[in-house]
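Taking it in order: structure first as structure tokens, then the write-up.
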Amino acid sequence: MVAKTDVLVIGGGAVGLCTAYYLAQADRSVTLVEKGKIGSGCSDKNAGLIVPSHIIPLAAPGVIKKGLRWLFNPNSPFYIKPRFSLELASWVWQFMRASREQRMRESIPVLHHLLQASYPLFMDFTGSQESGAVKMIEDGLLMIYRTAKALEADVRDAERARQLGLEVSILDQQGLTQTETGLAVSAVGGIFYHQDAHLDPQDFIASLTSKVSENAVQVKAETEVTGFDLHQGKIRTVKTTGGDFSANQVVLAGGSWSPEIVAALGVKLPIQAGKGYSVTVSRPNVKPRLPAILAEAKIAVTPFADSLRFSGTLEIAGLDLSVSTRRVQGMLNAVQSYYPEMDMQEALHAPVWSGLRPCTPDGLPIIGRAEDIDNLLIAAGHAMLGISLAPVTGKIVAEMIEGKAPSVDVTALSPTRFN
Ligand SMILES: Cc1cc2nc3c(=O)[nH]c(=O)nc-3n(C[C@H](O)[C@H](O)[C@H](O)COP(=O)(O)OP(=O)(O)OC[C@H]3O[C@@H](n4cnc5c(N)ncnc54)[C@H](O)[C@@H]3O)c2cc1C
């Protein structure tokens with residue numbers, strides 16, 4: 001038997017859930033299928049930062065040089081596992097091209113407009129903790145620097161953000177101490193982005209799941225897409241471990257797994273998984289007041305109501321979720337050099353979560369219709385911004401399916417831009 005639905009969303013991460021929500025708001029009948037538990041891809045235990053400040057794409061000048069230096073350091077925050085793969089070779093080539101100054105300059109306004117449009121949409125999913133909804137804490141984000149060189153380099157990016165209208169403070173040591181009052185910080189200075197925010201991503205996923213269910217979305221967890229039937233350039237049936245579905249429109253929100261899900265359809269998506277880790281402690285001896293990024297070590301530190309989370313590293317190593325204990329220890333050991341009072345013993349023995357960021361070579365997500373398949377829309381490749389950009393992505397996809405002009409210009413996000 002084939003179950004009928006108007007729109008089938010593949011993937012129950014932040015992007016798939018937000019897409020299902022905005023489609024349901026437009027009175028579409030929606031089914032969402034997820035191969036594991038909802039949120040269990042990359043969306044539930046990440047750093048939870050909502051970052052309008054992150055206007056610089058992953059592919060930027062200097063990244064290649066830094067990356068090459070880090071490649072041979074087992075404790076480094078960035079690593080590409082050498083393997084024979086044409087897709088990886090092509091991805092690295094495209095990444096190098098996108099890292100040029102001019103390309104980065106072109107990407108900045110694209111990310112800025114998406115991030116600005118996404119931020120207010122969080123109001124659709126958050127609220128007071130009393131109401132049971134996830135709370136978004138609008139406390140800003142502190143970047144912390146131990147070296148003047150790293151601080152100077154990022155001040156240029158901070159100036160760009162300021163020119164775009166973001167509120168930014170450049171802090172010396174004293175300013176840092178006055179801003180982060182929760183604990184001692186050992187650093188030369190910082191940059192404070194006033195308009196960033198954070199939330200607990202696990203609560204966000206729970207809140208999204210109840211929102212979509214309230215809006216009559218059929219949510220089918222533990223249901224893996226295994227193949228498709230094509231007819232005259234359209235997907236006629238989606239095959240899953242929970243039976244077949246026929247849908248007028250199919251949205252692919254499969255995160256890092258997106259390329260393999262649609263490979264059999266001949267759709268090529270240049271997305272590489274960028275593995276990262278997080279470790280959460282429930283009894284930190286000291287806690288920062290503000291969420292922070294420890295700049296040189298590339299570690300995010302997020303204070304939640306009852307816990308503290310450390311997140312970091314980016315390993316391009318395929319669809320592999322295994323944990324490199326050495327790299328995690330390297331990440332945790334680096335924390336103490338920024339927060340000398342912090343006791344890392346609990347963290348060093350806590351369970352490690354790993355997640356795969358879906359990374360495109362140009363650092364921009366892919367949002368738009370697939371070229372040769374009429375009823376397939378792609379919403380993937382959000383790399384380190386998938387929580388921040390999930391609401392606007394869902395809204396744009398719903399607008400496209402409704403035949404409306406997207407509220408944000410999506411020309412630069414087209415799946416065909418890599419052809
Ligand atoms: C350490 C770390 C920290 C991060 N911190 C932040 C942050 O602070 N702020 C931020 O904005 N972003 C952050 N990110 C990035 C963010 O987590 C991701 O960009 C985001 O979760 C991607 O969401 P998604 O819905 O596209 O993918 P996913 O959450 O991975 O969802 C895709 C889903 O598709 C499912 N799936 C795969 N194959 C199939 C199939 N065949 N059939 C059905 N379902 C399938 C998967 O199981 C998965 O659940 C971080 C990532 C990491 C690793």
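Mind jotting down the distance between the C-alpha centroids of region 73-133 and region 272-321, whole Å? When both Cα centres are located, 16 Å separates them. What is the distance in Å between the Cα centroid of region 197-256 and that of region 15-36? Measuring centre to centre over Cα atoms gives 6 Å. Just so you know, the averaged projected area of the alpha carbon convex hull for region 336-387 sits at 6.3 nm². Assuming charge only on the beta carbon of Lys and Arg (+1) and of Asp and Glu (-1), the dipole of region 292-419 about its Cα centre is about 80 debye to the nearest 20.
Suppose we keep just the DSSP beta bridges with both residues in the chain; what percent of those would be antiparallel, to 5?
Values: 49 of 74 bridges.
The answer is about 65 percent antiparallel.
Less than 5 angstrom separates the built amide H of Gly189 from those of Tyr145, all sequence-distant by 5 or more or on a different chain.
Taking 0.36 nm per intervening residue step and subtracting the Cα-Cα distance, what contour gain separates Ala405 from Arg160 on full extension? Write down the numbers at each step before the final one.
Working: separation 245, 0.36 × 245 = 88.20 nm, distance 2.88 nm.
Fully extending the segment from Ala405 to Arg160 adds 85.3 nm.
With a Förster radius of 51 Å applied to the beta-carbon distance between Ser414 and Ala148, the computed FRET efficiency rounds to 0.80. Look at the alpha carbon pairs under 8 Å that are at least 6 residues apart: their mean separation over the length of region 351-401 gives a relative contact order of 34 percent. Whole-Hz Karplus values for region 92-106 come out as 4, 4, 5, 5, 4, 5, 6, 7, 5, 3, 4, 5, 4, 4, 5 Hz, taken residue by residue from phi with 6.51 cos²θ - 1.76 cosθ + 1.60 and θ = phi - 60°; glycine and proline positions read x. Applying a threshold of 29 Å to the alpha-carbon distances of Lys81/Lys135; Lys81/Lys211; Lys45/Lys298 flags Lys81/Lys135; Lys81/Lys211 as lying beyond it. Sequentially through region 327-340, phi angles give Karplus couplings (6.51, -1.76, 1.60; θ = phi - 60°) of 5, 5, 5, x, 5, 5, 5, 5, 4, 5, 5, 8, 10, x Hz, Gly and Pro residues having no value and appearing as x. Applying 1/(1 + (r/R0)^6) with r as the Cβ-Cβ distance of Gln102 and Arg236 and R0 = 35 angstrom yields a FRET efficiency of 0.25.
For region 1-56, the alpha-carbon coordinates run over 46, 26, 16 Å along the three principal axes, in decreasing order.
Dipole of the chain, Cα-centred, from +1 at each Lys and Arg C-beta and -1 at each Asp and Glu C-beta, to the nearest 20 debye?
Details: 39 positive and 41 negative charges, 223 e Å.
In debye, rounded to 20, the chain gives about 1080.
Less than 5 angstrom separates the built amide H of Asp343 from those of Asn285, Val286, all sequence-distant by 5 or more or on a different chain. Scanning residues 5 or more positions from Phe228 or on other chains, those with amide H under 5 Å from its amide H are Lys239, with H placed 1.01 Å from N in the peptide plane. The Cα-based radius of gyration and maximum Cα-Cα distance (Dmax) for the chain are 20.8, 68 Å. For region 256-273, backbone phi angles converted through the Karplus equation (6.51, -1.76, 1.60; θ = phi - 60°) give residue-by-residue couplings of 5, 8, 3, x, 6, 5, 9, 4, 5, 7, x, 8, 9, 10, x, 10, 10, 6 Hz, Gly and Pro being listed as x.
Here the sum of -39500 (n - 2.57) over DSSP H runs of 4 or more residues, divided by the residues of the chain, equals -9500 deg cm²/dmol at 222 nm, to the nearest 500.
FYI, it's all coordinate maths here, none of it is from the lab. Bear in mind the structure is a predicted one, so any value in this text is a computation, not a measurement. Cβ sites come from the backbone with ideal geometry, for glycine too, and all protein chains shown count toward neighbours.
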